[in-house]
Amino acid sequence: MLSEARHPLLGRIALATVAAGAALSLSACGLPLLPPAFTDSTEDPGPAAEPTETEEPVETEEPEPFETEEPVEVEPEEQDVMILAVGDCLNEWTTDYDDTVSSVPIVDCDEPHDFEVYYEGVVDESGDYPGEDELSDMVDEGCVDAFEDFVGSPYATSALYQTSLWPTEEGWEQGSRDYLCLVGHMDGSQSTGTLEDSRL
């Protein structure tokens, strides 16, 4: 398991529903009634002509309304945090009961995502676990140093921010010194594609 840098939780709901309907109806018109013929008043007009009947309207069946398929929302796949590598993209994760991280929701980088892993470093330190605060400072220094090489702009003036994952005390005692640096938007918006050389 890894510990995490503190950063604001980001919540989003994406929902898209598309529906369309179409209906078509046709009708037929009857023939008009013809007026009776004009006659001379001195002549017997004879029996009146029978009116012609109009044709009944032809009823057509209306097609059933149709709906387009709703887009399928791809759920992020929860993966063990230990398999994360540079180039992976993921969404906001939840911490375990002890504030550690054991799994993260990995997504394809072409899909909207919260973070991108941009650097993997190693803490050049031996001996006992230095404590969370000191370890956090060492990791942040490494992540900030690698930030400009990846993004293309200095961290101090960037619209992006970095966060990190590092070994727990238990992992440290077992020899783990690796840490990961992740980049995301300062305003909480998601990225699509990589932020490499974005100069944001």
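Structure above, values below:
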read-out	value
In segment 110-137, the residues that are hydroxyl-bearing (Ser, Thr, Tyr) and either modelled with pLDDT under 90 or over 16 Å from Gln162 (Cβ atoms) (or both)	Ser126, Tyr129
Residue tally, condition of a type in the set (A, V, I, L, M, F, W, C) and surrounded by fewer than 11 Cβ atoms within 10 Å (Cβ to Cβ), over segment 119-141	1
Condition met for Ser153 (polar (S, T, N, Q) and touching a Pro at 6+ places or on another chain (Cβ under 6 Å))	no
Filtered residue count, segment 146-184, keeping only those that are touching a helix residue (DSSP H, G or I) at 6+ places or on another chain (Cβ under 7 Å), among the hydroxyl-bearing types (Ser, Thr, Tyr) and assigned to a helix (DSSP H, G or I)	1
All positions within segment 80-109 that are part of a loop (DSSP other than H, G, I, E, B) and at pLDDT 85 or above	Leu84, Ala85, Val86, Gly87, Asp88, Asn91, Glu92, Trp93, Ser102, Asp108, Cys109
Residue ID - nearest to Val122 (Cα to Cα), chosen from residues in segment 149-200 that are of a type in the set (Ser, Thr, Tyr) and under 19 Å from the mean Cα position of the chain (by Cα)	Thr194
Failed item in (1) touching an Asp or Glu at 6+ places or on another chain (Cβ under 6 Å); (2) within 20 Å of Thr168 (Cβ to Cβ), with Leu84 passing the rest	(1)
Hey, Gly193 part of a loop (DSSP other than H, G, I, E, B), surrounded by fewer than 21 Cβ atoms within 10 Å (Cβ to Cβ) and either aromatic (Phe, Trp, Tyr) or touching a Pro at 6+ places or on another chain (Cβ under 9 Å) (or both) or not	no
Exclusive hit being touching a Phe, Trp or Tyr at 6+ places or on another chain (Cβ under 7 Å), under 14 Å from Val86 (Cβ atoms), touching a residue at least 12 places away in the same chain (Cβ under 8 Å) and aromatic (Phe, Trp, Tyr), set Phe147, Phe115	Phe147
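A quick yes/no check of all residues on (1) under 21 Å from Asp108 (Cα atoms); (2) among the acidic types (Asp, Glu):
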{"site": "Ala146", "(1), (2)": "no, no"}
{"site": "Ala156", "(1), (2)": "no, no"}
{"site": "Glu170", "(1), (2)": "no, yes"}
{"site": "Gln174", "(1), (2)": "no, no"}
{"site": "Asp187", "(1), (2)": "no, yes"}
{"site": "Leu195", "(1), (2)": "yes, no"}
{"site": "Arg199", "(1), (2)": "no, no"}
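The values are calculated or read from the model by the stated rules, or taken from the named source; none is laboratory data. Keep in mind it's a predicted model, so treat the numbers as computed, not measured. Backbone-built Cβ (ideal geometry, glycine too); neighbour counts: all protein chains shown.
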